[in-house]
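Here the structure comes first, spelled out in structure tokens, and everything after it is commentary.
The values are calculated or read from the model by the stated rules, or taken from the named source; none is laboratory data. Because the structure is a prediction, the values reported are computed rather than measured. Cβ atoms come from the backbone with ideal geometry, glycine included; neighbour counts cover every protein chain shown.
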Amino acid sequence: MDYSILVNKASRLPRDYVPEDLVEIHEPTGSKLDKTYVNRLNIVAYKAFKQMQAAALKNGYEIFVDSSYRTYEYQERVFNNVAAEKGLEHAKKYVALPGGSEHQTGLAVDVIFRRNNEMIEEQKTDDPEIMWLFSNAHKYGFILRFPKGKENITGVNFEPWHFRYVGKELATKLFTDNLTLEEYHNLQKQRTPI
Ligand SMILES: [Zn+2]
């Protein structure tokens, strides 16, 4: 598995792409999640998440995986439903195209928090859990995938809940250099002589 894999509008996964090493996850989830949905994540990413979760807990923050692996067909359904309800242009703007969601890699997580025994359904940038993740996720191999101020590069609005596993080394590099995965891949391309 290439943990630096880039998936976005321009670089989509085929319909039959199913990642290896997915494990089922059973954690508390939010009320908005479809109850038939089963969380699955790449095993390496999940082990890293568990370490991050334990470290967060030491600081008093309870973080969980709310949504993780999604199939091509799942994304297609989501996209088509939004398109049917709000129009194709709206769907294209706000929903990842089928094959264009990195949730299909099994390396992406949408996180949710529990505070005083209550799931926090609306994440805000100044949530202490979010702030802790912003500054510590890279130590466990995760990056904030769609940061504020980089919307024109990622093509996705700021998502403070969406973290992507890329491995410790790359996550630390991207964090330190303030780079998105798109910028990293562009730099790699420029470095490779054609
Ligand atoms: Zn997400």
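Inspect the stretch 62-73 for any residue being closer than 24 Å to residue 131 by Cα, modelled with pLDDT of 95 or more and over 15 Å from the mean Cα position of the chain (by Cα) and give the result as yes or no. Yes: the stretch 62-73 contains one or more residues that are closer than 24 Å to residue 131 by Cα, modelled with pLDDT of 95 or more and over 15 Å from the mean Cα position of the chain (by Cα). The residue list 23, 7 contains one member that is among the β-branched types (Val, Ile, Thr), in contact with a strand residue (DSSP E or B) (Cβ under 7 Å, 6 or more places away or on another chain) and within 20 Å of residue 104 (Cβ to Cβ), which is 23. Screening 10, 54 for residues that are of a type in the set (Gly, Ala, Ser) and not in a loop (DSSP other than H, G, I, E, B) leaves exactly one candidate, 54.
Just one of the listed residues (133, 107, 144) is farther than 20 Å from residue 40 by Cβ and in contact (Cβ under 8 Å) with a residue 60 or more places away in the chain, namely 133. Set side by side, the residues 72, 46 differ, and just one is surrounded by 15 or more Cβ atoms within 10 Å (Cβ to Cβ), within 27 Å of residue 126 (Cα to Cα) and without any contact (Cβ under 8 Å) to a residue 60 or more places away in the chain, which is 46. Does the stretch 63-77 include one or more residues that are of a type in the set (D, E, K, R) and farther than 18 Å from residue 14 by Cβ? Taking every residue of the stretch 63-77 in turn, at least one turns out to be of a type in the set (D, E, K, R) and farther than 18 Å from residue 14 by Cβ. For the stretch 161-180, the tally of residues that are within 16 Å of the ligand (Cβ to nearest atom) and in contact with a strand residue (DSSP E or B) (Cβ under 7 Å, 6 or more places away or on another chain) stands at 6. Cβ-Cβ distances below 8 Å connect the following pairs, each with a first residue in the stretch 7-20 that is surrounded by fewer than 17 Cβ atoms within 10 Å (Cβ to Cβ), a second residue that is among the charged types (D, E, K, R) and not in a loop (DSSP other than H, G, I, E, B), and a separation of six or more residues or different chains: 15/73. Yes or no: residue 143 surrounded by 15 or more Cβ atoms within 10 Å (Cβ to Cβ) and closer than 23 Å to residue 49 by Cβ? Criteria met by residue 143.
Annotation: of all residues in the stretch 80-130 being in a loop (DSSP other than H, G, I, E, B) and aliphatic (A, V, I, L, M), the one that is nearest to the ligand (Cβ to nearest atom) is 96. Here residue 149 passes the criteria (1) part of a loop (DSSP other than H, G, I, E, B); (2) within 16 Å of the ligand (Cβ to nearest atom) except the one numbered (2).
The criterion of being over 20 Å from residue 55 (Cβ atoms), hydrophobic (A, V, I, L, M, F, W, C) and in contact (Cβ under 8 Å) with a residue 60 or more places away in the chain holds for residue 181.
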